[in-house]
Amino acid sequence: MKKGCARALVSLSDPGALAALQPHLETCAECRAIVEAHARLPEVRAPSLDPSIARRIREAGQAELAATPRAPPWWVGALVLCALALGVGLAGAALMPRGNLASSASQIGVGTLLVAAVLCGCWAGLSPGRRWRGLALGVALFAAAAVVAGGSGSYPVWAGGFWEAGFRCARAVVLYAVPSSVAALLLLRSAAFSPLRALAAGLGTGAAGALALHPHCPIGQAGHLAVFHVLPWLAVAAALLLIERRLTPRTFAP
């Protein structure tokens, strides 16, 4: 923006200042259009509102305030989502039979990163602060890379064919991510749509599915882990983002 344009914008309500900026307005079509539109504002009249419609709007607002006089703090929902996603992920990891052939150190390291991805993503998905969203994305990408790099490298014959075994793993990731993803969609309706916020929540809930599967799968080849562990995780995040974009929020509170 040129210096003259900035001066024109701050001088819209000052006829004397605008007169002094006339040389600039003669050469800048955009500023001239803005000044002309601002000059016509006093002529604009607000449309009339049907009294019955106004009464219904007022009654609906009063009923909403009576039912919920104070909005619950955002961190309550964030804690609920973190607890649900982490609980489902850990329950799946503990209840399914162990089959991961990687070393114990590798399994613990990858599992820790997946737990961090769950917590950071779910927290950032409901937090009004922007700093958490970048952290959630970074942790999720680092954890996804660790899942692929931390495999045992082996492919037991008894595990089944590439696609057969792969679809079983992908299905497990999605199914274990569904409960917390549904909860995230319900909680996100209380805020205006934000792509980064919805993406962070999806990465957190998808990580819960990857966490549940992590100690179970005996296949440690990078291709299998990337296609059937990480890709379904990212697909959950993308699906949550697309669904959240189409939902109607209950309020536009931040």
(message) Using a Gaussian network model on the chain with a 10 Å cutoff between Cα atoms, which of Glu59, Glu43, Glu164 fluctuates the most?
(response) Glu43
(request) Please state the charge dipole magnitude for the chain, taken about the Cα centre, from unit charges on C-beta atoms (+1 on K and R, -1 on D and E), reported in debye and rounded to the nearest 20. (result) 240
(request) Enter the angle in degrees (range 0 to 90, nearest 10) between the Cα long axis of helix 231-246 and the first principal axis of the Cα atoms of the chain, meaning the one along which they spread out most. (result) 30
(message) Using only Cα atoms and rounding to the nearest 10 degrees, what angle (0 to 90) does helix 162-188 make with the longest principal axis of the chain?
(response) 40
(request) Over all alpha-carbon pairs of region 108-247, lay out the pair-distance distribution in 5 Å bins, whole %, shortest bin first. (result) 2, 12, 22, 23, 17, 11, 7, 4, 2, 0
(request) Per residue of region 93-101, in order, report the coupling 6.51 cos²θ - 1.76 cosθ + 1.60 (Karplus, θ = phi - 60°) as ³J(HN,Hα) in whole Hz, putting x for Gly and Pro. (result) 5, 7, 8, 6, x, 6, x, 5, 9
(request) Give the span of the chain's Cα atoms along each principal axis, as three whole-Å numbers ordered largest to smallest. (result) 83, 49, 28
(request) Hey, can you find the accessible area per residue of region 69-153 for me, probe 1.4 Å, expressed in square angstrom? (result) 52
(message) Please report the carbon-and-sulfur percent of the accessible area for region 155-246; probe 1.4 Å, protein heavy atoms only, DNA, RNA and ligands left out.
(response) 74
(request) Could you look at region 1-111 and say what percent of its accessible area is carbon and sulfur, using a 1.4 Å probe and all protein chains? (result) 64
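The values are calculated or read from the model by the stated rules, or taken from the named source; none is laboratory data. From a predicted model like this one, the values you see are computed outputs, not experimental measurements. FYI the Cβ positions are ideal-geometry reconstructions off the backbone, even for glycines, and counts take in every protein chain you see. Heavy atoms of the whole protein, side chains included, go into the accessibility calculation; ligands, DNA and RNA do not. Shrake-Rupley method; radii C 1.70, N 1.55, O 1.52, S 1.80 Å.
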